[in-house]
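Asks: Got a structure for you, questions after.
Derivation of every value follows stated rules applied to the coordinates shown; laboratory data play no part. Since we're looking at a predicted model, the values are computed, not measured. Neighbour counts are summed over all protein chains in view; Cβ atoms, including those assigned to glycine, are modelled from backbone coordinates with ideal geometry.
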Amino acid sequence: MARSQWGSRLGFILASAGSAIGLGAVWKFPYVTATQGGGAFLLIYLFICLTLGLILMATEMAIGRATHLGPIGAFRKLGNKKWAGIGIMGVLVAFLILSFYSVVGGWTVAYLGKAITGGIANSTDPTTNGNLFTDFITDPLQPLIYHFIFGFLTLFTVVSGVEKGIERISKYLMPILLILMLILIGRAVSLPGAVEGLKFFLLPDFSKITGATWLEALGLAFFSLSLGIGIMITYGSYVGPEAKLVSSAAWVILLTLLTCFLSGLMVLPAVFAFGFEPGAGPGLTFITMPAVFASMPFGHLLAALFFALLLVAALTSSISLLEVLVSFLIDEFKVHRLKAGIIAFVLFFLLGIAASLSLGAWSSYTLFGYNIFDMLDKLTQNILMPLGEILLTLFVAWWRWDKIKVQLCGGNDSVWLSFLRFALGVVIPVIIFVIFLQGILG
């Protein structure tokens, strides 16, 4: 079966950025930053993305291009069946994330509908907006309906093919996402009291940094950059030999960081302006932004624009997550793209049901103090993704460096290549392991 390819380098960069930006930047970044102390967390997050993140993303892309396979097939081809376990872990992480990610994507569909019908943007009161959100996510049926709708939208896009589906939607929707964010930031930072939110977000308080802060920053960096999931390996497998992977990875990371920064400016000043609780958790954006719109002329219209933005962000990421699963089924079992998409959809939708119900009817069922939704989040972001990246770096540096260095820099021996190999083989896995231990041990 012929391997699809991106129609252009721009299409590849925008699709990769679409994967990375997604809900990790627009939904997750503001609330994690808020719960981890603001400015100091932001600096740590930026540092990890611009150092470890850049090297790891380029390396994952190189693995994909070297093999023209998804994560499992790629590691099997470069190594053997034992090393294929790294790819299996990546596919598993993509599946687990997509299961709860689609639930949150369903929230965006629901809130878009509420915005269009005038069901939100009516109050600046934290209790009123909080109750609206809580009543919705704890309902046993409504979130599941929207979870299905969002999952079906993702499926429809992916089964239409790489170039016709993912590349086309990313090219046109990503610029719209950024434009809409700028409009909303203008209002958020002009609110009375917003300056306190700006100080919280931009001025670091290093006394708030703990081992858990570093682990959350590492996990969020991997989550928001789509590392350790198999996405960048899968997307790299569609890249032609002419693309420069390091510069492509740099563009993806810069676009992601820009979007995260804009998301923080969009949400956090409003949180402080209205006296909302920064530690509200996953619902922070859904509780805060309706209050912003309630304070604006044409608020219902702008609310619809915002949740359209959030839906765009959610879809660009869910598309790439599902592509990992579809690519795995196509490569490993030689099934048709449509059949592979339907199988994956059924599986992640079923696990998503459990994640959604754990926020309401099944909230009493916990493990180590976490419900199913939070457990899926913590397990993937803070455990499986860092572990997978440690194994990946050791594999590349000490097992198949001869293959990967050709993809990264043409293969010519140089000081840069020596540094890169040392970073992948020693520095990065040690840093990730130390951060992991600090976070676990407190």
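Asks: Considering every pair of different Cα atoms, what Kirkwood radius, in Å, is found for the chain?
Replies: About 21.8 Å for the chain.
Asks: Using DSSP loop states and a limit of at most 16 other Cβ atoms within 10 Å to flag chymotrypsin sites (Phe, Trp or Tyr not before Pro), what is the longest stretch of the chain containing no flagged site?
Replies: Longest gap between qualifying sites, sites excluded: 1-297.
Asks: To test your reading of the geometry: what angle, between 0 and 90 degrees and rounded to tens, separates the Cα axis of helix 245-273 from the longest principal axis of the chain?
Replies: It is inclined by approximately 20 degrees.
Asks: Only Cα pairs under 8 Å and at least 6 apart count here; give the relative contact order of the chain as a rounded whole percent. Don't jump to the answer; show the numbers that get you there.
Replies: Numbers: 752 pairs, mean separation 152.3, N = 442.
That works out to 34 percent.
Asks: Based on the Cβ-Cβ distance of Thr134 and Asp402, what FRET efficiency does E = 1/(1 + (r/R0)^6) give at R0 = 45 Å, to the nearest 0.05?
Replies: E between Thr134 and Asp402, to the nearest 0.05, is 0.25.
Asks: If Rh is defined by the Kirkwood formula over all Cα pairs and Rg also comes from Cα, what ratio Rg/Rh do you get for segment 256-301?
Replies: In segment 256-301, Rg relative to Rh is 0.99.
Asks: What's the angle, to the nearest 10 degrees (0 to 90), between helix 385-398's Cα axis and the longest principal axis of the chain?
Replies: 20
Asks: Past 24 Å, Cα to Cα: identify those pairs from Lys82/Lys405; Lys28/Lys208; Lys114/Lys199, in the order given. Don't jump to the answer; show the numbers that get you there.
Replies: Values: Lys82/Lys405 22 Å; Lys28/Lys208 20 Å; Lys114/Lys199 32 Å.
Among Lys82/Lys405; Lys28/Lys208; Lys114/Lys199, the Cα-Cα distance tops 24 Å for Lys114/Lys199.
Asks: While we're looking at this one, here's another question. Suppose each label sits 7 Å from its Cα in the direction of the beta carbon; what would the Leu203-Leu437 distance come out to in nanometres?
Replies: For Leu203 paired with Leu437, the spin-label model returns 3.7 nm.
Asks: When a/c reaches 1.5 or more, the comparison of a/b and b/c decides; with that in mind, is segment 24-124 rounded, prolate or oblate per its Cα gyration tensor?
Replies: Verdict is oblate for segment 24-124.
Asks: What does the convex hull of the alpha-carbon atoms of segment 179-251 project to on average, in nm²?
Replies: 7.9
Asks: On to the next question. How big, on average over all directions, is the shadow cast by the Cα convex hull of segment 247-375, in nm²?
Replies: With the hull built on Cα positions only, its mean projection is 11.7 nm².
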